[in-house]
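Student: Input: one structure, supplied below.
The values are calculated or read from the model by the stated rules, or taken from the named source; none is laboratory data. Quantities reported herein were computed from a predicted structural model and do not represent experimental measurements. We place every Cβ from the backbone using ideal geometry, glycine too, and count neighbours over all the protein chains shown.
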Amino acid sequence: MINPDLCDLTISVLHNKIKNREIKFSDIIFSVIKRVKSEDQKINGYISIFEEDAINQAVDLDKTIKNFEQLKPLSGIPIAVKDNICVKDKLTTCGSKILANFISPYDATAVAKLKVAGAIIIGKTNLDEFAMGSSTETSYFGPTSNPIDNRYVPGGSSGGSAAVVKYSGAIGALGSDTGGSVRHPAAFCGVAGLKPTYGRVSRYGLVAFASSLDCVGALGKTAEDTAIIFNAIAGYDEMDATTINTPVKNISVDSNAIKKYTIGIPKEVFAEGLDGRIAKVIEDTINNLRKRCRNVKEVSLPNTKYAVATYYLICMAEASSNLARYDGVKYGLRVSSSELKDLYAQTRDEGFNTEVKRRILIGTYGLSKGYYDEYYGTAQKVRNLIKQDFDQAFKDCDVIITPTTPVLPFKLGEQISDPLAMYLGDIFTTPANLAGITAISVPAPLTIDNFPVGIQITGPALGEEQILNTAKAIEEINE
Ligand code: GLN
């Protein structure tokens, strides 16, 4: 008998059920696919779904796996992949018309590693075009809705990944995080989202947006589930020269470890622009943690007030260069013309949406002769100051707690014509990308009007273990 609710369980629970021979691999897949069929029409979390492939793989596992003691950590677990991360022989659209028909000839390293760890790739999830946005409304394939209330956005840009994890259309998912795109939708949908240290997970096969900021991250129902995915995808890769060449320690999440931690709270956090109700939830959560951790201490990150401006200058500059490759010749869409220059121009005009064009134009301007020092150069200097703020703060604490977003989920269409308002929602997430450090968002113990509040825990470079342990302690508050 198929248990229809298996899809609502976590990776570790499913793993144990398989190990104890309580369920079959195919039971999990059938449960997940059934859920996708009942929910995804409303949510639009998937751009493509690999039903047949996934079922075949699960049935195959049922036939072939004999040694259940030595199951791999993700054996038979259905994982969704954001559609800007390449999966061999499958569409990789980046939510854009320009790549609407692009089939990837290879696997991203993170995807290859998931497969080695036993995962079944179940489909590709929706995103803001080229991962530029915070609402998953700008995809060529239509907006994604928040499973908590379909009239609201799921956050972004990995909104498809967060939404499918929330409604259990996948057990876990990969996302990408350039300025918050894993943590932001995790906060809006009430799931866990981990952005690893820059270079800890290979970017090979992640379609480049802003190369000095881009990270592949993990979404799951719990912090522990993101840790299991992270353990599988982390590590040095000769295909990505920016990966860190130090051994990866397998993290097993332990909330008791926080008794040794000092938690830092940046004094700049409770400032203008933060929804007072969110501030209250964060304060309550910190008060709860006080009982378990070593100490709670005020720290200062004075330059993070410049993070949004700095981030947008850098990401637009890098995007303008990275997206130059979509010229109608090498990949995807081509709008034919007798003149080569017109072919480039018309393909790009038809293939990119307004937000992507805006960023290419501003980014090109910021890199142009005469303005480079003033814009890109200055942004790089401020980026360094932000990094120094964190270096200083982590001398006094082990992890830093802030909200993930300053506002709660908003309605579809509400902010789409106000890009600045959308950009300001990234105030708490962009600093970690600029500093190259790690951060996770998990839902706070309390909700506001049914909506989750994301709590962000930031750690130093390679501090994934301490932020995951703290995240688990937060998850345990109301248990
Ligand atoms: N919201 C941010 C932006 O629009 C972050 C995007 C991301 O992390 N991919 O650029």
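Student: Give ALA210, ALA192, ALA170, ALA186 a once-over and let me know the one that is away from the ligand (no atom under 16 Å from the Cβ) and touching a Ser or Thr at 6+ places or on another chain (Cβ under 6 Å).
Tutor: ALA192
Student: Does segment 214-223 contain at least one residue that is assigned to a loop (DSSP other than H, G, I, E, B), within 16 Å of the ligand (Cβ to nearest atom) and not aliphatic (A, V, I, L, M)?
Tutor: Of the residues in segment 214-223, the ones assigned to a loop (DSSP other than H, G, I, E, B) are 214-215, 221-222.
Narrowing further to those that are within 16 Å of the ligand (Cβ to nearest atom): 214-215.
Retained after the next criterion (residues that are not aliphatic (A, V, I, L, M)): 214-215.
Yes, segment 214-223 contains at least one residue that is assigned to a loop (DSSP other than H, G, I, E, B), within 16 Å of the ligand (Cβ to nearest atom) and not aliphatic (A, V, I, L, M).
Student: Another one. Among the candidates ASP396, ASP349, ASP342, which residue alone is charged (D, E, K, R), on the phi < 0 side of the Ramachandran plot, over 25 Å from the mean Cα position of the chain (by Cα) and part of a loop (DSSP other than H, G, I, E, B)? Give the steps one after another, and end with the answer.
Tutor: On the way: ASP349 fails: part of a loop (DSSP other than H, G, I, E, B); ASP342 fails: part of a loop (DSSP other than H, G, I, E, B).
Every option except ASP396 fails the conditions.
Student: Is it fair to say GLU52 is assigned to a loop (DSSP other than H, G, I, E, B) and more than 29 Å from ALA208 (Cα to Cα)?
Tutor: In short, no.
Student: Among (1) more than 17 Å from LEU174 (Cα to Cα); (2) buried (at least 24 other Cβ atoms within 10 Å of the Cβ), which single condition is CYS94 missing?
Tutor: (1)
Student: Which of the residues spanning segment 417-476 are aliphatic (A, V, I, L, M), away from the ligand (no atom under 16 Å from the Cβ) and assigned to a helix (DSSP H, G or I)? Talk me through it step by step, then tell me what you get.
Tutor: Pass one, segment 417-476, residues aliphatic (A, V, I, L, M): 420-422, 424, 427, 432, 434-435, 437, 439-440, 442, 444, 446, 448, 453, 455, 457, 461-462, 467-468, 471, 473-474.
This time we only want the ones that are away from the ligand (no atom under 16 Å from the Cβ), so: 442, 444, 446, 448, 453, 455, 457, 461-462, 467-468, 471, 473-474.
Scanning segment 417-476 gives ILE467, LEU468, ALA471, ALA473, ILE474.
Student: Quick one: count up the residues across segment 198-225 that are on the phi > 0 side of the Ramachandran plot and surrounded by 22 or more Cβ atoms within 10 Å (Cβ to Cβ).
Tutor: 1
Student: Same structure again: Considering only segment 196-210, how many residues are in a loop (DSSP other than H, G, I, E, B) and of a type in the set (Val, Ile, Thr)?
Tutor: Of the residues in that region, 2 qualify.
Student: A further question on this structure: Pick from segment 107-135 the residues that are more than 9 Å from the ligand (Cβ to nearest atom) and acidic (Asp, Glu): which of them is surrounded by the most Cβ atoms within 10 Å (Cβ to Cβ)?
Tutor: Per the criteria, the residue is GLU129.
Student: Another question, if that's okay. Inside segment 56-97, can you point out the residues that are more than 30 Å from ASP327 (Cβ to Cβ), of a type in the set (Val, Ile, Thr) and within 26 Å of the chain's Cα centre (by Cα)?
Tutor: Within segment 56-97, ILE77, ILE79 qualify.
Student: ILE148: away from the ligand (no atom under 16 Å from the Cβ), more than 23 Å from ASN250 (Cα to Cα), in contact with a Pro (Cβ under 6 Å, 6 or more places away or on another chain) and hydrophobic (A, V, I, L, M, F, W, C), yes or no?
Tutor: no
Student: Are any of the residues in segment 225-237 in contact (Cβ under 8 Å) with a residue 12 or more places away in the chain and closer than 24 Å to GLN392 by Cβ?
Tutor: No, segment 225-237 contains no residue that is in contact (Cβ under 8 Å) with a residue 12 or more places away in the chain and closer than 24 Å to GLN392 by Cβ.
Student: Quick one: in segment 304-348, of everything that is over 28 Å from ASN433 (Cβ atoms) and among the aliphatic types (A, V, I, L, M), which residue is nearest to the ligand (Cβ to nearest atom)?
Tutor: In this case the residue turns out to be LEU333.
Student: Do you know which residues across segment 104-130 are more than 17 Å from the chain's Cα centre (by Cα), assigned to a loop (DSSP other than H, G, I, E, B) and among the aliphatic types (A, V, I, L, M)?
Tutor: ALA117, ALA119
Student: Answer yes or no as to whether ALA324 is surrounded by 13 or more Cβ atoms within 10 Å (Cβ to Cβ) and among the hydrophobic types (A, V, I, L, M, F, W, C).
Tutor: So ALA324 does not fit the description; no.
Student: Which residue pairs have Cβ atoms closer than 8 Å, lie 6 or more positions apart in sequence or on different chains, and pair a first residue in segment 403-427 that is closer than 15 Å to SER181 by Cα with a second residue that is exposed (fewer than 15 other Cβ atoms within 10 Å of the Cβ) and at pLDDT 95 or above?
Tutor: Correct list of pairs: PRO409/ASP149.
Student: Next question, about the same structure. Look at ASP373 and say whether it is closer than 16 Å to THR458 by Cβ, acidic (Asp, Glu) and either in contact with a Phe, Trp or Tyr (Cβ under 7 Å, 6 or more places away or on another chain) or surrounded by fewer than 17 Cβ atoms within 10 Å (Cβ to Cβ) (or both).
Tutor: For ASP373, the condition - closer than 16 Å to THR458 by Cβ, acidic (Asp, Glu) and either in contact with a Phe, Trp or Tyr (Cβ under 7 Å, 6 or more places away or on another chain) or surrounded by fewer than 17 Cβ atoms within 10 Å (Cβ to Cβ) (or both) - is not met.
Student: If you don't mind, there's one more thing I want to ask. I'd like the full set of residues that are of a type in the set (Lys, Arg) and at pLDDT 95 or above, limited to segment 36-67. Spell out the reasoning first.
Tutor: Going through segment 36-67, the residues of a type in the set (Lys, Arg) turn out to be 37, 42, 63, 66.
Within segment 36-67, LYS37, LYS42, LYS63 meet the criteria.
Student: On the given criteria, is GLY155 within 16 Å of the ligand (Cβ to nearest atom), part of a loop (DSSP other than H, G, I, E, B) and surrounded by 24 or more Cβ atoms within 10 Å (Cβ to Cβ)? Spell out how you get there, then give the answer.
Tutor: Working: within 16 Å of the ligand (Cβ to nearest atom): yes; part of a loop (DSSP other than H, G, I, E, B): yes; surrounded by 24 or more Cβ atoms within 10 Å (Cβ to Cβ): yes.
Criteria met by GLY155.
Student: Now, a different point. What pairs come up if the first residue lies in segment 242-263 and is over 15 Å from GLU476 (Cβ atoms), the second is acidic (Asp, Glu), and their beta carbons are under 6 Å apart, counting only those six or more places apart or on different chains?
Tutor: THR243/ASP237; ILE251/GLU465; THR262/ASP398
Residue by residue, here is whether (1) in a helix (DSSP H, G or I); (2) at positive phi; (3) surrounded by 12 or more Cβ atoms within 10 Å (Cβ to Cβ) holds:
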{"site": "ASN231", "(1), (2), (3)": "yes, no, yes"}
{"site": "ASP240", "(1), (2), (3)": "no, no, yes"}
{"site": "ASN245", "(1), (2), (3)": "no, no, no"}
{"site": "VAL248", "(1), (2), (3)": "no, no, yes"}
{"site": "ILE251", "(1), (2), (3)": "no, no, yes"}
{"site": "ASN256", "(1), (2), (3)": "yes, no, no"}
{"site": "ILE265", "(1), (2), (3)": "no, no, yes"}
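Student: Do the conditions hold for TYR306, that is, is it at pLDDT below 95 and farther than 20 Å from ALA444 by Cβ?
Tutor: Details: at pLDDT below 95: no; farther than 20 Å from ALA444 by Cβ: yes.
Here the answer is no, as TYR306 does not meet what is asked.
Student: A follow-up question, please. Read through the list (1) more than 16 Å from the ligand (Cβ to nearest atom); (2) part of a helix (DSSP H, G or I), then give the number of the only condition that ARG359 fails.
Tutor: (1)
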